[in-house]
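See structure below.
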Amino acid sequence: MKKNMIMKERAKGFISGVLLTVLLTSSVAVLANTAFLEVVFNVNHVVVNGNRLNLSEEERPFISAGRTFLPVRAISEALGQPINWDGSTGTVYIGAVPSGSPFLHTVPYYDRSRGHAGNITTPGQVTMAGVAYGGPLVFVGGNTWFTLHNLNAQFTNLSGYIGRVDGTHMSSTTFNFYGDGRLLGSFEIEAQDLPRHISVNVTGVIQLRIESVGTQGAIGSTSRFAFADAMIE
């Protein structure tokens, strides 16, 4: 009985913390968030670019709730890519780490244009052209909405990706970036465009205004555009 309790605790910690622990049974039911999840160890081999990985017991892959969980460090090393963990934002970086700091984590908006609260949102992630992007600032299209950020002249560059959020109306918008009332950059996004990487020089800027201006004929309640994966330095 004691052994089973220990195994359940280890499995629970693994699922919640994305850590591989030593679980020696072929199948074990665990309790996490008051729901039972079944962990099945039937992934026998992991092959990367034709090379079979020699995984330790602690790196053992498993399947739970229809998803296969693999040891990210072993996979990244097999691909020849470094791996880094940012605990402050809960981000795993495989390969190059973007320079700077996550924008909204570092400089959240202190004010926004007035209107319905859903006109400006900051969900955990969005999908644009089938790719997931994190830390997004999302604007509803069809009107003009803006956020204000206090940079306090501490930064030099702001970069990220702009695009239309998947599953929303095929509309278009223009992202404008103002620093202390001066236009720093203006970027148009058409509905069919792929997400585009942009960069704005914010050297010496105290107040930053990010503005989304919907085009004529846009349906504001269903079109959404995001500024995501943004970094400031």
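Out of everything in segment 139-153 that is part of a strand (DSSP E or B) and touching a Lys or Arg at 6+ places or on another chain (Cβ under 9 Å), what residue ends up being modelled with the lowest pLDDT?
First, pick out the residues of segment 139-153 that are part of a strand (DSSP E or B): 139-140, 144-150.
With touching a Lys or Arg at 6+ places or on another chain (Cβ under 9 Å) added as a condition, the list becomes 139-140, 145-149.
On the way: Phe139: 92, Val140: 88, Trp145: 93, Phe146: 95, Thr147: 96, Leu148: 97, His149: 97.
Selected residue: Val140.
Checked against the criteria, Leu158 counts as modelled with pLDDT of 95 or more, under 21 Å from the mean Cα position of the chain (by Cα) and open to solvent by less than 30 Å² (accessible area, probe 1.4 Å).
Conditions (1) part of a strand (DSSP E or B); (2) modelled with pLDDT under 85, marked per residue:
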residue	(1), (2)
His45	no, yes
Thr68	yes, yes
Ile75	no, yes
Gly80	no, yes
His105	no, no
Pro108	no, no
Thr127	yes, no
Tyr133	yes, no
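Taken over segment 145-154, the criterion of being surrounded by fewer than 21 Cβ atoms within 10 Å (Cβ to Cβ) and touching a strand residue (DSSP E or B) at 6+ places or on another chain (Cβ under 7 Å) is satisfied by Phe146, Leu148, Asn150, Leu151.
Every listed requirement among (1) open to solvent by 50 Å² or more (accessible area, probe 1.4 Å); (2) under 28 Å from Asp166 (Cβ atoms); (3) of a type in the set (S, T, N, Q) is met by Thr91 save one, (1). Selection over segment 116-144 of residues that are surrounded by 13 or more Cβ atoms within 10 Å (Cβ to Cβ) and farther than 14 Å from Tyr161 by Cα gives a count of 10. Only a single item in (1) modelled with pLDDT under 75; (2) assigned to a strand (DSSP E or B); (3) surrounded by 11 or more Cβ atoms within 10 Å (Cβ to Cβ) is not met by Phe36, and it is number (3). Residues that are of a type in the set (Lys, Arg) and surrounded by 13 or more Cβ atoms within 10 Å (Cβ to Cβ) were ranked within segment 175-213; the one that is modelled with the lowest pLDDT is Arg196. Out of all the residues in segment 154-209, which are touching a residue at least 24 places away in the same chain (Cβ under 8 Å), of a type in the set (Gly, Ala, Ser) and outside any loop (DSSP other than H, G, I, E, B)? The answer is Ser159, Gly160, Gly163, Gly179, Ser199. Got at least one residue in segment 220-233 being in contact with a helix residue (DSSP H, G or I) (Cβ under 9 Å, 6 or more places away or on another chain), among the aromatic types (Phe, Trp, Tyr) and closer than 21 Å to His105 by Cβ? Scanning segment 220-233 turns up at least one residue that is in contact with a helix residue (DSSP H, G or I) (Cβ under 9 Å, 6 or more places away or on another chain), among the aromatic types (Phe, Trp, Tyr) and closer than 21 Å to His105 by Cβ.
The values are calculated or read from the model by the stated rules, or taken from the named source; none is laboratory data. Model, not experiment: these values are computed from the prediction. FYI the Cβ positions are ideal-geometry reconstructions off the backbone, even for glycines, and counts take in every protein chain you see. For accessibility, only protein heavy atoms count, side chains too; no ligands or nucleic acids. Shrake-Rupley method; radii C 1.70, N 1.55, O 1.52, S 1.80 Å.
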